[in-house]
1. By accessible area of protein heavy atoms, probe 1.4 Å, what ranking do 329, 105, 267 get, highest first?
2. What does the accessible area per residue of the stretch 285-350 come to in Å², with a 1.4 Å probe and no ligands, DNA or RNA counted?
3. Roughly how many Å² of residue 228 are accessible to a 1.4 Å probe, to the nearest 10?
4. In the stretch 266-307, which chymotrypsin sites (Phe, Trp or Tyr not before Pro) fall in coil by DSSP and have 13 or fewer other Cβ atoms within 10 Å?
Amino acid sequence: MTPTLNNLRDVFDDMSARAPDNHQRIAQLERRIRRDRRRRAAGAVLAGAAVITAAAVTVPDLLPSGTVAPQMSVAAQPAAEEKLPEQFTSEDGSDYRRLAATTLHKDEKATSLTVPVTGKPLEVAAVCPKGKPTTPARPRVFVDGKFVGTWFNQCLVKENMGMVLDTLNVPEGAQQLTVTFDATNEVCAGHASDQCPDRPTWQPAEWPLAVYEYTPPAQPVEPAPIEDFPATIGSQKLVGQATGVWPQETTFSRTFTSPGGYFRIEHRCTGSFADRITISYQIGDKSYQGAWVCGDRSLDESNVMLWSPKVPKGTKITISGKVQMDGGHPNRQTRWAVGVYSSKIVKLAR
């Protein structure tokens, strides 16, 4: 290394030494890079769409609503809500029957369904829009005008998630429900900004929606085993894990000794409700607001779900968590597992 580069490195080391510790900085920079790339890509797509629109004014999307262009197969395509089947059986043997269906279109902010209360558990369903999961404006779910805490968080787990379901809590004594799906952009109104999803853009999307009732299995169903966490992820080493079955086991606590660096937390779930389980965490005396959906995520060095603050070498720290889900059914069990990795700080050779 040349003397000039050495001098520059000394200056940078001195400047960074006085900066506050922020182990999230790399993740923040990566999010900013991805956001900038999406904006540039969106600009290119819009420019290309303008050229196509000028050259082909008979594209079916540009025709009046309900019109089908000659010699096109559009008329043979099913309505959007038909993507949600009338009946199906889940992996644990629960029989589902669709009570009503609709579509929240891009130019709409809300739509409603009225369904009977039959005494069986009710659920709402949606088909997640294709593409980046953080860009569409997701609909919140209201029952008789009251928000019930559902806005299809499973759609955030990965791209092209397909159909997802969530519990619909029924007010005691109700004979029928008016279920409203509201996709206005002010999802976070009234909440602190740090409690809202990291969503750089809000794009209208087509949302096929439905309300189902289901008949649960007569006996508890054992969830499938969970794939083992890898012993290492890059330079990060698996130092411990906790497992359980919801709804019988809903908390865990483990104590670890720091190698001098950070702890990484990951989780996995199996069962019909695997994508509805959420886990909230506490690391030492720091509680993290919100909860993380237990879904199918890739595990690599860059795709970290949660980092601890930097923990000095030899310090013992307790990591605990709460496993929860609104609604559900005791016979429809979900297996969960939490893996904890350590990441030791290594000084770069000069």
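1. Result of the area sort, largest leading: 105, 329, 267.
2. Result: 55 Å² per residue.
3. Using a 1.4 Å probe on the heavy atoms, I get roughly 130 Å².
4. Loop-located and lightly packed - none at all.
The values are calculated or read from the model by the stated rules, or taken from the named source; none is laboratory data. Every value quoted in this text rests on a predicted model; they were computed, and no experiment measured them. As a convention, Cβ positions derive from the backbone with ideal geometry for all residues, glycine included, and neighbour counts pool all protein chains shown. Remember, those area values only see protein heavy atoms, side chains included, never the ligands or the DNA or RNA. Shrake-Rupley method; radii C 1.70, N 1.55, O 1.52, S 1.80 Å.
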